[in-house]
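Working notes for the structure below.
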Amino acid sequence: MSTEEKKFETQNLPTKTYFWPLKRYQDLYNSALTDSEGFWAKHSDVLSWEKPWEKVLDWNPPYARWFVGGKLNMSYQCVDRHAKSWRKSKVAIYWEGENGDTQTISYSDLYENVNRYASVLKKLGIGKGDRVTVYLPMIPEMVYILLACNRVGAIHNVIFSGFSSQSIADRVNDSGSKMVVTASGGHRRGKILPLKEIVDEAVKSTPSVEHVLVIKYTGYEVVMDPARDVWAHDMLKDADKYVAPEAMDSTDPLFILYTSGTTGKPKGILHGTGGYGVWACNTLKWAFKPTDESVFWCTADVGWITGHTYVVYAPLALGLTQVIYEGAPDYPSVDRWWEIIDKYGVSIFYTSPTAIRMFMRHGEELPAKHNLGTLEMLGSVGEPINPEAWEWYYKNIGHENCPISDTWWQTETGGFMITPCPGIQSFPLKPGSATLPLPGVDPVVVDAEGKELPANEIGFIAIRKPWPGIMLGIYNGDELYKKTYWSRFPGWYCPGDFSMKDSDGYLWLLGRADEVIKVAGHRISTAELEHALVGHSSVAEAAVASRPDEVKGEAIVVFVTLKKDVEASADVKRELTHHLRTAIGTIATPEEIIFVEKLPKTRSGKIMRRLLKAVANEVPIGDTTTLDDETSVNEARAAFDELL
Ligand code: WT7
């Protein structure tokens, strides 16, 4: 803080505390509601617009288009404007590989790399509107490629590196990608992930793919198809040093990111440019109060939305210094992350409840071995954080000095929605509550009919107004977009979560209200798992439920009936586990597989999910009078007991 600013602060200290404690937050929040146009006009200046926008919002329900008429390029925000300023020598990324390799990347290094990769993409025929699938480990090239895509106007489609060939093929085909970018390998817990091999299998069934661009990493030997595959390092030799950033419309798509819903097929969430960028930057400022001195670390993989918004776009557009770590949190030892915080002097640390619970299990001695004194802010995301984990995090990582921003949001929302916001004003926190909505977010807790519920009653959360980060839609899925998010409470966005507002107005986000399971904070749909299971030759019918898991939040429990001639055995279980991992990816690994003679169904033939869930959870099942065959329940319960 400058002396001028200090003076200002002291002069303005109130002599009496007659302000309502939340005044500053309330004022900002109210101005975003009452003068939405004026508010967003002012807050759109976090970005550098090549051509100013003409209209703040074009709201044509259920489609919101923000900053209409404006032109800008996201790679310009993240790179050029810093490389042309005093920040050119500022560290953009401290990168650390799982094997201990490191790189320090300044904003001018970033500028150089993004330009050269943009030139490579162009030479391979990638231009405005083309889709590029990205299947990479957490290496600096992940950032270069995404920004290079923006630069030439291409739409990136990142797939988390734990997904299978089949999942890649489905997403490449749905998005019609012209190119896949991958690496020869990646590190995970000391092993090599054979990423290129996985892509090779996928692109056997993706006619739209013209090239696979391969980044050499890990030294893992791969086979190159001369007609299709190109090494990035070969292309970079002749790359141009500068590629002019394509002037994109504010409402042009920036990326597609697939996420699981209630159907058997993942949805391609499509995000735009200007609105998303404005939302990403402002939300990061509000929830984490970063400064030019901050060292920011969001531990999420870029394969998920958290990594898109809070590893790539927001921190870089704001010109922050951040840490990117490639590997597993517990490799080679469970204090790897604390070592990294200590080593780089991390001041803002953002992670998931699953990670925190994993660390809790290993005891407070491990973080205590490291100097975590540089931390100022903590964050949590992905699932509700249980108060015990919150307290442990607050005490053992934040040393009771750091506020925790429990950020509730979704792939679809682009950025934080409900979270404490010390960047606006510090207010009392309650462990387990994401607290209050950010400016521009207008939530309401309602019953199934859409009627607002009184305080302390649990219902659905709905958002009554569009905000700048809202998705453009679902790629190839207009009907699905309307049905999934806008049909339950017409005119309001329906996130699909249960929620409760307490008597202080604090919101508690209580988990999914639909058939979506959260495993380690990652979404997976029961329908998707069931669809994959019935695709196996031994399976007749399948139903999937979840049960609470101490570390992962929820775990997958599978119920299957086998085909006539198939014997239930440990081998079949192993096969089915393998089948799910190949069909979907590692996140689909079931915790339990239970063989039953029949699935419990209602007389109308619907699977009784509530009942299966109760069995999986071992809680009393309640009324089963509508059940067709009660023996199947007992059977499922007995099988489950056996497993314990
Ligand atoms: C779902 C969205 C948002 C980035 C990571 C996950 C759950 C997320 C919280 C939180 C309670 C949370 C919700 C939401 N969720 N953050 N802080 N408290 N629940 O993104 O895969 O799109 O999942 O994650 O159920 O609907 P996603």
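What is the calculated FRET efficiency for Glu479 to Thr577, with r their C-beta to C-beta distance and R₀ = 35 Å, to the nearest 0.05?
It comes out at approximately 0.55.
Under Stokes-Einstein, with the Kirkwood radius over Cα pairs standing in for Rh, what whole-number D in µm²/s applies to region 63-184 at 25 °C and 0.890 mPa s?
Answer, rounded: 157 µm²/s.
Sticking to Cα atoms, compute the Rg of region 454-580 to one decimal and its Dmax as the biggest Cα-Cα distance, whole number, in Å.
Both quantities, over Cα of region 454-580: 18.8, 60 Å.
How much FRET efficiency would the formula 1/(1 + (r/R0)^6) give for Asp58 and Ser487, where r is the Cβ-Cβ distance and R0 is 30 Å, rounded to 0.05?
0.85
Considering only Cα-Cα distances, which of the following residue pairs are longer than 18 Å: Lys518/Lys613; Lys430/Lys501; Lys564/Lys606?
Listed pairs above 18 Å: Lys564/Lys606.
Once you have the Cα-Cα distance between Arg189 and Glu210, take 0.36 nm times their residue separation minus that, and quote the gain in nm to one decimal.
Result: 4.3 nm gained on full extension.
Would you compute the Debye intensity of the chain from its alpha-carbon atoms alone, equal scatterers and no solvent, and pass along log10 I(q)/I(0) at q = 0.05, 0.07, 0.09 Å⁻¹ to two decimals?
-0.22, -0.45, -0.76
Just to confirm the filter: which trypsin sites (Lys or Arg not before Pro) across region 580-621 are DSSP coil and have at most 12 other Cβ within 10 angstrom of their Cβ?
Here the trypsin sites (Lys or Arg not before Pro) that fit, given the DSSP loop and packing criteria, are Arg603, Lys606.
With a 10 Å radius around each residue's Cβ, average the other Cβ atoms per peptide and rank 466-474, 564-572, 293-301, 216-224, highest first.
466-474, 293-301, 216-224, 564-572
Ranked from highest to lowest mean number of other Cβ atoms within 10 Å per residue, what is the order of the peptides 525-532, 32-39?
Order by mean packing, descending: 525-532, 32-39.
Give me the three principal axis extents of region 266-420 from the C-alpha atoms, as integers in angstrom, largest value leading.
Here the Cα extents, ordered largest to smallest, are 45, 35, 29 Å.
When only alpha-carbon atoms count, how far does region 226-266 stretch along each of its three principal axes, as whole angstroms with the largest first?
Rounded to whole Å, the extents work out to 46, 34, 15 Å.
Using only the alpha-carbon atoms of region 331-444, report the extent along each of the three principal axes, biggest first, to the nearest angstrom.
So the three principal-axis extents are 43, 23, 23 Å.
How long are the three semi-axes of the equivalent ellipsoid for region 154-279, computed from the Cα gyration tensor as the root of 5 times each eigenvalue, in whole Å, largest first?
Equivalent ellipsoid semi-axes, largest first: 25, 21, 14 Å.
Rounded to the nearest 0.05, what FRET efficiency do Leu236 and Lys343 have when you use their Cβ-Cβ distance and R0 = 25 Å?
E between Leu236 and Lys343, to the nearest 0.05, is 0.25.
Report the gain in length on full extension from Gln103 to Lys564: 0.36 nm times residue separation, minus Cα-Cα distance, nm rounded to one decimal.
Between Gln103 and Lys564, full extension yields an extra 160.2 nm.
Show me the ranking of peptides 69-75, 586-592 by mean Cβ neighbours inside 10 Å, starting with the highest.
In descending order of packing, they fall as 69-75, 586-592.
In µm²/s, what is D for region 193-238 at 10 °C and 1.306 mPa s, where D = kT/(6 pi eta Rh) by Stokes-Einstein and Rh is the Kirkwood radius from Cα pairs?
140 µm²/s
Each label point is 7 Å from the Cα along the Cα-to-Cβ direction; what then is the distance between the points at Glu550 and Glu597, in nm?
Each label point lies 7 Å from its Cα, and together they span 3.5 nm.
Values quoted throughout were computed directly from the atomic coordinates according to the rules given, and no laboratory measurement underlies them. Source: prediction; values computed, not measured. Cβ sites come from the backbone with ideal geometry, for glycine too, and all protein chains shown count toward neighbours.
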